[in-house]
1. When you look at G45, is it surrounded by fewer than 18 Cβ atoms within 10 Å (Cβ to Cβ) and either charged (D, E, K, R) or assigned to a loop (DSSP other than H, G, I, E, B) (or both), yes or no?
2. In the set P170, P162, which member is in contact with a strand residue (DSSP E or B) (Cβ under 7 Å, 6 or more places away or on another chain), in a loop (DSSP other than H, G, I, E, B) and either at pLDDT below 90 or surrounded by 22 or more Cβ atoms within 10 Å (Cβ to Cβ) (or both)?
3. Kindly evaluate A43 against the criterion of being under 22 Å from Y209 (Cα atoms), within 17 Å of the chain's Cα centre (by Cα) and in contact (Cβ under 8 Å) with a residue 40 or more places away in the chain.
4. I'd like to know if the stretch 232-241 contains one or more residues that are modelled with pLDDT of 90 or more and not in a loop (DSSP other than H, G, I, E, B).
5. Could you run through the stretch 77-107 and say how many residues are of a type in the set (A, V, I, L, M, F, W, C), in contact (Cβ under 8 Å) with a residue 60 or more places away in the chain and in a loop (DSSP other than H, G, I, E, B)?
6. Which residues, counting only those in the stretch 184-225, are at pLDDT 95 or above and loosely packed, with under 15 Cβ neighbours inside 10 Å?
Amino acid sequence: MTAPAPCIRIAGLGKTYPGQSLPALQAIDLDVAQGEFLALVGASGCGKSTLLRLIAGLEAPTSGGIWLNDVPVIGPGPERAVVFQDYSLYPWLTVMENVRFCRSLRVHTGNASDSQAASAVERSYALLDVMGLDAVRNHYPNQLSGGMRQRVAIARALMAQPRVLLMDEPFGALDAQTREVMHELILRLFEIERSTIVFVTHDVEEAVYLASRVVVLAPHPGRVDGVHALSLPPPGERHPDLKLAPELLQWKKIVLERIRATSGVQHDLDKLNRLAELSRRRTPT
């Protein structure tokens, strides 16, 4: 029996920016399954965000290509939604207006029936309820905390029921407690919506806790170092206590070691250890 085609297929992907001799990405080959939660990690400069923007169609590759359900990605599309770290909300719109913004665009309203329009209204209320934002639906972004703004951004991205949700460091600017809440929220939404998620993060524990596979990218040029299929419960069945479990900590160690090995961090740590040893030898007793 032939295996089903991946939701996202990336083959021979390369990206070189004008004026730069070293590619930002080189020879990326990667498949993402339908309904998968995939995390991208790696040292700064490895091209995580560049890869995400290429999948979103916000940038064009220099070589190779990306296919979504066997259709080439040549630009943005309503089947893909992006959540950025900086929220990107419209300050002159209320929470509800921000969430419904995509439904007001011609691409969604051109041939919409009355029943579809009513369904969209119901979905906006349901999303606000799930996100815990119903009480502030008439507030403006500057009246919200950082965590609430990011919830609005996620609700807006989910409003059009995208097949693929692309998240670029969405919780990077949040405090530790709010991040914990957002982890549980995104896992719950993943279980409900069944979208394919590609998630960029610098936080290895976050990547291992949320994703079913973790891709480590190596820098200079950005390339795939390894793909780690995690032997953990499915993302929809995970609980915060898992973050303290030996199996998760072991996967965190494996991924961290690969990032250090590919970024030169381990070499720098070795040099610091040698310097510390020399300092101890010279300290008079």
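1. Values: surrounded by fewer than 18 Cβ atoms within 10 Å (Cβ to Cβ): yes; either charged (D, E, K, R) or assigned to a loop (DSSP other than H, G, I, E, B) (or both): yes.
Yes, satisfied.
2. Numbers: P162 fails: either at pLDDT below 90 or surrounded by 22 or more Cβ atoms within 10 Å (Cβ to Cβ) (or both).
Residue meeting the stated conditions: P170.
3. Numbers: under 22 Å from Y209 (Cα atoms): yes; within 17 Å of the chain's Cα centre (by Cα): yes; in contact (Cβ under 8 Å) with a residue 40 or more places away in the chain: yes.
Considered against the rule, which asks whether it is under 22 Å from Y209 (Cα atoms), within 17 Å of the chain's Cα centre (by Cα) and in contact (Cβ under 8 Å) with a residue 40 or more places away in the chain, A43 comes out as yes.
4. Yes; the residues of the stretch 232-241 include at least one that is modelled with pLDDT of 90 or more and not in a loop (DSSP other than H, G, I, E, B).
5. Applying the first criterion (of a type in the set (A, V, I, L, M, F, W, C)) to the stretch 77-107 yields 81-84, 89, 92-93, 95-96, 99, 101-102, 105, 107.
Still in the list and also in contact (Cβ under 8 Å) with a residue 60 or more places away in the chain: 81-84, 89, 99.
Subsequent filtering for residues that are in a loop (DSSP other than H, G, I, E, B) retains 84, 89.
Adding up the residues that qualify gives 2.
6. Within the stretch 184-225, no residue meets the criteria.
Per-residue answers, yes or no, for (1) touching a residue at least 12 places away in the same chain (Cβ under 8 Å); (2) part of a loop (DSSP other than H, G, I, E, B); (3) under 26 Å from P78 (Cα atoms):
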| position | (1), (2), (3) |
| --- | --- |
| V198 | yes, no, yes |
| Y209 | yes, no, no |
| V215 | yes, no, yes |
| H220 | yes, yes, no |
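So that you can scan it fast, the table gives a plain yes or no per residue for (1) farther than 20 Å from I192 by Cβ; (2) modelled with pLDDT under 90; (3) surrounded by fewer than 19 Cβ atoms within 10 Å (Cβ to Cβ); (4) hydrophobic (A, V, I, L, M, F, W, C):
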site	(1), (2), (3), (4)
L105	yes, yes, yes, yes
S113	yes, yes, yes, no
D129	no, no, yes, no
S145	yes, no, yes, no
V152	no, no, no, yes
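The values are calculated or read from the model by the stated rules, or taken from the named source; none is laboratory data. This one's a predicted model, so the numbers in the text were calculated from it and none came from an experiment. Heads up, the Cβs are rebuilt from the backbone with ideal geometry, glycines too, and the neighbour counts pull from every protein chain shown.
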